[in-house]
Amino acid sequence: MSTPTQYPTAQVTVGGQPTVAGYEVISATKGYAKDEEDKQNANGTHRVKIQYSKRKTLSLVLEAHDSTDITAITDADEMTVDAVVYNIVSAVPTHTRGVTVVNVELIQQAEGLT
C-alpha cells in the first residue's frame, strides 16, 4: 500500500469549495460577466465579436457561524475569496430558526482579459 500524498492547505480548498471566514460555504457557482458586442459588415452579415472585458462572477450561499456579524457583508462593499477581490453586487440575508443564510452575488474587481 502506498503512502498518501499530503498537499499544503494553501493549494487545496476543503471539499472543492472556496472558503469565507466566519461562514460555511453551502454552494458556490462560478461564472463570467462579459462586456462584448457584434460588429457587422456593410451588408449586415456578422463580421466579428469584440470583447471589451471579462470578469469572474461568484454566487455563494453562506451559513453564518454563531459569532459571525452578518452586517459585515453588504451591497457595494468588497470581499476577498481565495485571494481574489470581488465587488459585492448583492447580499441578501435569510433569517431562519437555525442559522442565518446569506446569498451573495460577487463580481471580480480586476479585468480578466490579458
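Scanning the range 70-106 for residues that are more than 18 Å from Thr19 (Cβ to Cβ), of a type outside the set (Val, Ile, Thr) and assigned to a loop (DSSP other than H, G, I, E, B) yields Asp75, Ala76, Asp77, Arg97, Gly98. Any chance the range 17-32 includes a residue that's surrounded by 13 or more Cβ atoms within 10 Å (Cβ to Cβ) and either among the hydroxyl-bearing types (Ser, Thr, Tyr) or touching a Phe, Trp or Tyr at 6+ places or on another chain (Cβ under 6 Å) (or both)? Looking through the range 17-32, at least one residue is surrounded by 13 or more Cβ atoms within 10 Å (Cβ to Cβ) and either among the hydroxyl-bearing types (Ser, Thr, Tyr) or touching a Phe, Trp or Tyr at 6+ places or on another chain (Cβ under 6 Å) (or both).
Values in this text are rule-based calculations from the coordinates and carry no lab data. If you're wondering where the values come from, they're calculated on a predicted model, not measured in any experiment. FYI the Cβ positions are ideal-geometry reconstructions off the backbone, even for glycines, and counts take in every protein chain you see.
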